[in-house]
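Coordinate-derived values only; no laboratory data. For clarity, every value in this text was computed on a predicted model and none was experimentally measured. FYI the Cβ positions are ideal-geometry reconstructions off the backbone, even for glycines, and counts take in every protein chain you see.
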Amino acid sequence: MLLGCQTMETQADRSKFHAADTNGDGKLTLEEVHNAELPRIFKSVDYNQDGRVSLAEVRDIGPGFDQRKMAEYDRNGNGSVSYDEFYKVQVIKGSIKNRFDAADANGDGFVTLKEADARVQFLQAQAAGTL
Ligand SMILES: [Ca+2]
Ligand SMILES: [Ca+2]
Ligand SMILES: [Ca+2]
């Protein structure tokens, strides 16, 4: 994850940050973070790489995933979830937005490398129990 991590890093991952910063202005917008993270998550679920996620595929990683949850993503009701549907639902759910807002310390709508570093350090301290 770009704005959170499980290892003992004290800096945000530079290569990930710059890869996500598609317009190269040195800061990330929420859209840039979505475009960096969501394809990766989608691909990790789409086992057969056909660009659609079926209920059988999601069940492999989340046994609790049922028809009702599937229907939440499958907006046109054709039985599988396209990347487009996945993207829209993730944006509505706002799980990445919550992490983005937490990292955007000054609330200007951009996450700078400095803010990303501060967020990583905060999460590390929290994980280590020093906060
Ligand atoms: Ca940018
Ligand atoms: Ca598939
Ligand atoms: Ca900011």
What is the Cα radius of gyration of segment 14-127 over 2.2 N^0.38 Å, N being its residue count?
-> 1.21
Label model pair A102, E72: point-to-point distance (7 angstrom along the Cα→beta-carbon line) in nm is 1.9
Give me T112, T130, T22 ranked fewest to most by other Cβ atoms within 10 Å of their Cβ, as a rough exposure proxy.
-> T130, T22, T112
Mind checking which lysines have their C-alpha under 21 Å from K27, skipping anything on the same chain fewer than 8 residues away?
-> K16, K97, K114
Spacing of the two label points (7 Å from each Cα toward its C-beta) at E9 and V89, in nm = 2.8
Determine the sum of side-chain charges near G107: Lys and Arg each +1, Asp and Glu each -1, restricted to other residues whose C-beta is under 12 angstrom from that of G107.
-> -4
Per DSSP, loop chymotrypsin sites (Phe, Trp or Tyr not before Pro) in segment 12-87 with at most 14 further Cβ within 10 Å = Y47
